[in-house]
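The values are calculated or read from the model by the stated rules, or taken from the named source; none is laboratory data. The structure displayed is predicted, hence computed values, not measured ones. Glycine also receives a Cβ, built like all others from the backbone with ideal geometry; neighbour counts cover every protein chain displayed.
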Amino acid sequence: MDRDQILRLLGEREAVGRAEVVRLEQEAARITGLIEECRREVDRLATAREVLSGLAEQLPGAVAAGHDLKPDAVLADQLLAVLAEAGRPVRCRDVVAALGEDPSVARRVEGVRHRLKNLVKAGRVSEVEPGLFTLTGGSGTSAG
């Protein structure tokens, strides 16, 4: 390869590199815009939550902030439906997931566990092993 060929190749690679820089800068600008849009949405939702929490606390019979707003009877029916659908003993985390909640959030898991324990006391649910729940009289077998 002679000098002119080398310089031409270097020039081509430089042009490709510059084009890639421009493309990446445009992508970074697009992502920055998405991040800002997401931040605005999070701020808007946080403000709405704060306003609604303040208003809810002023209503007669209001539930204190941070408490589950589902009536116990509704949640109990949902828990029983999840256990019935499973047809076998189910771990509390799996019940939480079936309810559409995040099973990695300890507060959610413990809230459901508490309500399942209340259903055990009421005779509607059995705890076949610690943390493993099924409908009373259910034919499910123990799961590991």
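Please specify each residue of region 115-138 satisfying the condition of being exposed (fewer than 11 other Cβ atoms within 10 Å of the Cβ) and part of a helix (DSSP H, G or I).
Start the filter on region 115-138 by keeping residues that are exposed (fewer than 11 other Cβ atoms within 10 Å of the Cβ), which leaves 121-123, 130, 137.
Passing the criteria: only LYS121.
Counting the residues of region 69-103 that are out of contact with any strand residue (DSSP E or B) (no Cβ under 9 Å at 6 or more places or on another chain), among the small types (Gly, Ala, Ser) and modelled with pLDDT of 90 or more gives 2. Between GLY66, GLY131, GLY61, GLY123, the distinction of being modelled with pLDDT of 90 or more and on the phi > 0 side of the Ramachandran plot belongs to GLY123 only.
In region 88-114, how many are in a loop (DSSP other than H, G, I, E, B), under 25 Å from GLY137 (Cβ atoms) and of a type in the set (Asp, Glu)?
The first filter runs over region 88-114 and keeps only residues in a loop (DSSP other than H, G, I, E, B), leaving 88-89, 99-105.
So of that shortlist, the ones also under 25 Å from GLY137 (Cβ atoms) come out as 88-89, 99.
Keeping just the survivors that are of a type in the set (Asp, Glu) gives none.
The total comes to 0.
When ARG3 is tested against (1) at pLDDT 90 or above; (2) surrounded by 10 or more Cβ atoms within 10 Å (Cβ to Cβ), just one condition goes unmet, and that condition is (2).
Close Cβ contacts (under 7 Å, 6 or more residues apart or on different chains) running from residues in region 40-55 that are assigned to a helix (DSSP H, G or I) to residues that are aliphatic (A, V, I, L, M) and surrounded by 10 or more Cβ atoms within 10 Å (Cβ to Cβ) comprise SER53/ALA65.
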